[in-house]
Ligand code: 2AM
Ligand code: CA
Ligand code: CA
Ligand code: CA
């Protein structure tokens, strides 16, 4: 079956890319600014993306690609089969911490998420799954987290939104057990899949959330843009994902009130 084959291939590509990234940490990085001082890209982001796109073009030449770097960051629609790639999610962490960054790949067909992969490179933890598979950590199937309420759990957040109280992020945080800020969307989505966090509020682009959404779907999490509308897979948007109970509490008590 094609999907089985695709999973095996993607896992191989991820391991190959991660091996290269780990070795590269001993070399000097070439770091550039994109929109400003805190928005970085490195030669490794670009080389990882180029490697993954080369493989996709080799194996699936008819498919289309949406990816963060090097001019692949727009696509007119999600028609057909589309790969959505963040070659290094958490570039700031990659540069400053040499950990807490992920490679993320999603496969969508006619706008529907089929497969998602979030790979924490330094921990060698691959979270993957999709329609009909559930969610795995490496070879181990994960259990669906409990539907915890806002007052009972930790919430991943974007530091800027919390600090500026954008969409009441500060107040939402205070209503939870506490906020956590990792600086990496992949790490935050993993925390939800493990049941460590009840939700995540941020400002994200499609490649930051695509793989995560496929996996969140398998566990019944709810997500949308922060105003409750479907995510557009186009521009950067304020993003909310949470357990069903927490999602409803945040919408009713903080956003729509
Ligand atoms: P990136 O490292 O792939 O750019 C940090 O809050 C999270 O938001 C990271 O996952 C980061 O992904 C993402 N992000 C997207 N656009 C960003 C930007 N302009 N500045 C900082 N982080 C951004
Ligand atoms: Ca970036
Ligand atoms: Ca990202
Ligand atoms: Ca990135």
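The values are calculated or read from the model by the stated rules, or taken from the named source; none is laboratory data. Predicted, not measured: the structure shown is a model, and the values here were computed from it. Cβ coordinates were reconstructed from backbone atoms using ideal geometry, including for glycine residues, and neighbour counts include every protein chain displayed.
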Scan of the stretch 73-93 for residues that are within 16 Å of ligand 2 (Cβ to nearest atom) and in contact with a helix residue (DSSP H, G or I) (Cβ under 7 Å, 6 or more places away or on another chain), ordered by number: 84, 85, 86, 87, 88, 89, 90, 91
Qualifying residue in the stretch 23-33 (condition: farther than 29 Å from residue 113 by Cα, free of Cβ contacts under 8 Å to residues at least 60 places away in the same chain and assigned to a strand (DSSP E or B)): yes
Some residue of the stretch 166-186 being within 12 Å of the chain's Cα centre (by Cα), within 26 Å of residue 16 (Cβ to Cβ) and in a helix (DSSP H, G or I): yes
Hits in the stretch 72-99 - residues which are part of a loop (DSSP other than H, G, I, E, B) and either more than 16 Å from ligand 4 (Cβ to nearest atom) or over 21 Å from residue 32 (Cβ atoms) (or both): 75, 76, 77, 78, 79, 80, 99
Residue list for the stretch 39-71, filter: assigned to a loop (DSSP other than H, G, I, E, B), out of contact with any helix residue (DSSP H, G or I) (no Cβ under 7 Å at 6 or more places or on another chain) and either on the phi > 0 side of the Ramachandran plot or surrounded by 11 or more Cβ atoms within 10 Å (Cβ to Cβ) (or both): 60, 71
Which listed residue, of 136, 117, is without any contact (Cβ under 8 Å) to a residue 12 or more places away in the chain, outside the structural domain of residue 231 (by TED's automatic domain parsing) and in contact with a strand residue (DSSP E or B) (Cβ under 7 Å, 6 or more places away or on another chain): 136
Residue among 199, 220 that is surrounded by fewer than 21 Cβ atoms within 10 Å (Cβ to Cβ), at pLDDT 95 or above and more than 11 Å from ligand 1 (Cβ to nearest atom): 220
